[in-house]
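Visitor: I have a structure here, written as structure tokens, and I will follow up with some questions on it.
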Amino acid sequence: MQTTKARVKRVLAFMSLLVLSLTVFTTVFATEVTSYTIKTEIKVDNQPLTADTKITTGQSMEATNEISFPDSQQINAGDTLVLDLPKELGLVTKLEFPIVHENGEVIANAVTDPSTQKVTITFTDYFTENYKDKVMTLKYNVRPNAANLPKTGTYYFTFGSTDFTLNYNKDDGEAGDYEMKYGYQDPENPNRIKWRIVLNAVQDKLNNMVIKDDFSDSGQVLVEGSLRAVRYATQPEKIPNEAALLKLEPIDNFTKKAEFTRNADGDITGFTINFGDNWNWAMYIEYTTELKSPLPEGSKVANVLEWSASNFDKSRSVNALTRLETASGSGSGDRTTTTTTTTTTSTTTTTTTEEPSTTSTTTTVAPTTTSTTTTEEPSTTSTTTEDSTTTSTTTTTEDSTTTTTPGGPTTGDTTESTPGGGTGGGRKKLLPSTGEVVATGLVISGVIVLIGAIVLKRKISNK
């Protein structure tokens, strides 16, 4: 009994494996689309980028890719297309956006990734059905890739099939004497903004220093745990910029002095630091805010820093603005309708012979058969005419074939017609690409599986 159960389990396991194999063989694997043409346009403040356009470190530009595909390039759901940015350009933040038809149907989904400097497009099945005249347009923001632009100068690059000249001005960001602040979107999360502050780069003596920051604009709240406030030992010369300051090691972390301002929901919207006397120390403050609700494309988010000292007549402040990067995409395709025309051809054949012989008449009329023979007692009579002519006419149509021979005694035989216009067996008309081969293969596979199961069952029964 146990042996029988084991064999049954093996049979079931075999059939399960067969079904899994068929599933694997019928799976359509996603591939990368490689046949396309791309034209690119880059704009700065809505004006085309030219050799005369001066671009500074961190400056935002809008890139537009127009992509077209030949009709021969098949694109299925799950297929991808990867665009590599030229090394002179960089993406600002990770953005995910759909590429849509004007009727709202999603053609593909795109992702900009600053960590790889690539734009990855994943297609839906739209181009599978609309495979003619396939086009797409992508728009997203880029900026100079400072890591690959070591100094001020002219750089050349190609994006798609378009050549560009970049007139680049390397700017490390002047820290000023007392305050400098800026912000940028988190490369991994477009809903977060990273803020950076340099204070007292000139390393002056500041009595009873108080630092206040309000970032409640546009619904920003602090990402708790992201605030860091440090000071550095006095240097022989003024701190020129942020990069120079970050090369130094801080000597004190005063983050714990921050007192937070919270909104009705309990989220932090600002802070105040009563630092006390600043004995000629440069300071660095950094933190991250998060947008609690979506903002319109291209919105600018504000952040105000204010500080005061008792040996200064009035407080000083700096208002930093950060533009939210955006991306969008559109596209279209077309389809064709195939019409099949069937033509029926009729053939007529006429045959003439000269032979002094008995004439027979055969008439084919489906579906009955009649045989008529005419004789004269006491013997069969044949009529012979000198130089007589026997004419046989055969007409073939879709329905019947008639042969008539005039003159002389006749013998009539009527024979039932067969499909195909002849007396032999009918022939099946072949249809193009009907899937008969695939169906036959599946039937054979099924028969093999069934025979195997029956044989196993008989073996089990015999034992």
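The values are calculated or read from the model by the stated rules, or taken from the named source; none is laboratory data. If you're wondering where the values come from, they're calculated on a predicted model, not measured in any experiment. Glycine also receives a Cβ, built like all others from the backbone with ideal geometry; neighbour counts cover every protein chain displayed. Ligands, DNA and RNA are excluded from the accessible area calculation, which covers all protein heavy atoms including side chains. Shrake-Rupley method; radii C 1.70, N 1.55, O 1.52, S 1.80 Å.
Visitor: I want to confirm something. Restricting to region 30-53 and keeping residues that are among the charged types (D, E, K, R) and closer than 30 Å to residue 125 by Cβ, which single residue is farthest from the chain's Cα centre (by Cα)?
Guide: 41
Visitor: Scan region 216-261 for residues that are under 30 Å from residue 150 (Cβ atoms), in contact (Cβ under 8 Å) with a residue 12 or more places away in the chain, open to solvent by 30 Å² or more (accessible area, probe 1.4 Å) and not aliphatic (A, V, I, L, M) and report the count.
Guide: Count: 6.
Visitor: In region 49-102, how many residues are over 28 Å from residue 193 (Cα atoms) and of a type in the set (Phe, Trp, Tyr)?
Guide: So the answer is 1.
Visitor: From 152, 122, which residue is more than 23 Å from residue 184 (Cβ to Cβ), of a type in the set (Val, Ile, Thr) and touching a residue at least 12 places away in the same chain (Cβ under 8 Å)?
Guide: 122
Visitor: Working carefully through the options 272, 336, 326, 322, find the one that is open to solvent by less than 20 Å² (accessible area, probe 1.4 Å) and either among the β-branched types (Val, Ile, Thr) or under 38 Å from the mean Cα position of the chain (by Cα) (or both).
Guide: From the options 272, 336, 326, 322, the qualifying one is 322.
Visitor: Would you be able to say whether some residue in region 175-189 is in a loop (DSSP other than H, G, I, E, B), open to solvent by 40 Å² or more (accessible area, probe 1.4 Å) and touching an Asp or Glu at 6+ places or on another chain (Cβ under 6 Å)?
Guide: No; the residues of region 175-189 include none that is in a loop (DSSP other than H, G, I, E, B), open to solvent by 40 Å² or more (accessible area, probe 1.4 Å) and touching an Asp or Glu at 6+ places or on another chain (Cβ under 6 Å).
Visitor: Quick check on my filter: what residues within region 72-116 are assigned to a loop (DSSP other than H, G, I, E, B), of a type outside the set (A, V, I, L, M) and without any contact (Cβ under 8 Å) to a residue 60 or more places away in the chain?
Guide: Selection gives 72, 74, 76, 78, 79, 103, 104, 105, 116.
Visitor: Here's another thing I want to ask about it. Do we find that residue 119 is under 24 Å from residue 320 (Cβ atoms), out of contact with any helix residue (DSSP H, G or I) (no Cβ under 7 Å at 6 or more places or on another chain), open to solvent by less than 60 Å² (accessible area, probe 1.4 Å) and part of a strand (DSSP E or B) in this structure?
Guide: Answer is no for this residue.
Visitor: Would you check if residue 360 is part of a strand (DSSP E or B) and either in contact with a strand residue (DSSP E or B) (Cβ under 8 Å, 6 or more places away or on another chain) or modelled with pLDDT under 80 (or both)?
Guide: yes
Visitor: So in region 192-215, with the set limited to residues that are of a type in the set (A, V, I, L, M) and assigned to a loop (DSSP other than H, G, I, E, B), which one is least open to solvent (accessible area, probe 1.4 Å)?
Guide: Per the criteria, the residue is 201.
Visitor: Pick from region 23-46 the residues that are hydroxyl-bearing (Ser, Thr, Tyr), in a loop (DSSP other than H, G, I, E, B) and exposed (fewer than 10 other Cβ atoms within 10 Å of the Cβ): which of them is modelled with the highest pLDDT?
Guide: 34
Visitor: Test residue 232 against the criterion of being touching a helix residue (DSSP H, G or I) at 6+ places or on another chain (Cβ under 9 Å), within 24 Å of residue 300 (Cα to Cα), modelled with pLDDT of 95 or more and among the aromatic types (Phe, Trp, Tyr), and give yes or no.
Guide: Answer is no for this residue.
Visitor: Any residue in region 275-282 that is in contact with a helix residue (DSSP H, G or I) (Cβ under 8 Å, 6 or more places away or on another chain) and part of a strand (DSSP E or B)?
Guide: Within region 275-282, one or more residues are in contact with a helix residue (DSSP H, G or I) (Cβ under 8 Å, 6 or more places away or on another chain) and part of a strand (DSSP E or B).
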